[in-house]
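> Can you keep this structure in mind? I'll have questions shortly.
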Amino acid sequence: MHPTSEQSRDESTAERVRAFHRAFGLDCRRVPGYGTAAVHGIDLDAVIAEVHRANMSKLGPDGRPVLRADGKVLKGDCYTPPDVAAVLRAQGWSPPPARP
C-alpha cells in the first residue's frame, strides 16, 4: 500500500518536529558550556577548533575516514592529538602549581 500525500505530509511534519527537538536539545547543552567558558575567560571556539583539527587529522591520505570492520573511525597515520593546553596557554592560561 502506498502512502497518501496526507500521510507523507504528516510523516514529513513529524520528522521536522523531531529534528527541531534534537537541535533544541543540542543547543541546551551548548549554552552552559559556552557560559562556563566565558566565566573562566576561555575562548571555547578556539578549543573546539583545536579538537576539530585533531579529529580531521584522523582522515586517511585520500581524505576519507579510516574505518575498522565494525565501522569505528580509526586514527590514521597523520593523526595528531588535540593540544588544548597549548590553546589555553595562547589565551594566557598557565597550569596550576604542582601539589606537594
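Readers should treat all values here as calculations from the given coordinates under stated rules, not as data from a laboratory. This one's a predicted model, so the numbers in the text were calculated from it and none came from an experiment. Cβ sites come from the backbone with ideal geometry, for glycine too, and all protein chains shown count toward neighbours.
> Please determine, by comparing only the residues of segment 72-85 that are without any contact (Cβ under 8 Å) to a residue 24 or more places away in the chain and hydrophobic (A, V, I, L, M, F, W, C), which one is farthest from Met56 (Cα to Cα).
Step by step, filter segment 72-85, then rank; the result is Ala85.
> Just checking, does segment 79-96 include any residue being of a type in the set (Val, Ile, Thr), part of a helix (DSSP H, G or I) and under 15 Å from the mean Cα position of the chain (by Cα)?
yes
> Among the listed residues Ala23, Ala54, Ala46, identify the single one that is part of a helix (DSSP H, G or I) and in contact with a helix residue (DSSP H, G or I) (Cβ under 6 Å, 6 or more places away or on another chain).
Being part of a helix (DSSP H, G or I) and in contact with a helix residue (DSSP H, G or I) (Cβ under 6 Å, 6 or more places away or on another chain) holds for just one of Ala23, Ala54, Ala46, which is Ala46.
> When the residues of segment 50-71 are narrowed to those that are touching a residue at least 12 places away in the same chain (Cβ under 8 Å) and not polar (S, T, N, Q), which ends up nearest to Leu88 (Cα to Cα)?
Glu50
> When residues of segment 23-48 are filtered for being under 28 Å from Gly71 (Cα atoms) and surrounded by 13 or more Cβ atoms within 10 Å (Cβ to Cβ), how many remain?
2
> When you scan segment 49-79, how many residues do you find that are surrounded by fewer than 10 Cβ atoms within 10 Å (Cβ to Cβ) and of a type in the set (Lys, Arg)?
Residues in segment 49-79 being surrounded by fewer than 10 Cβ atoms within 10 Å (Cβ to Cβ) and of a type in the set (Lys, Arg): 3 in total.
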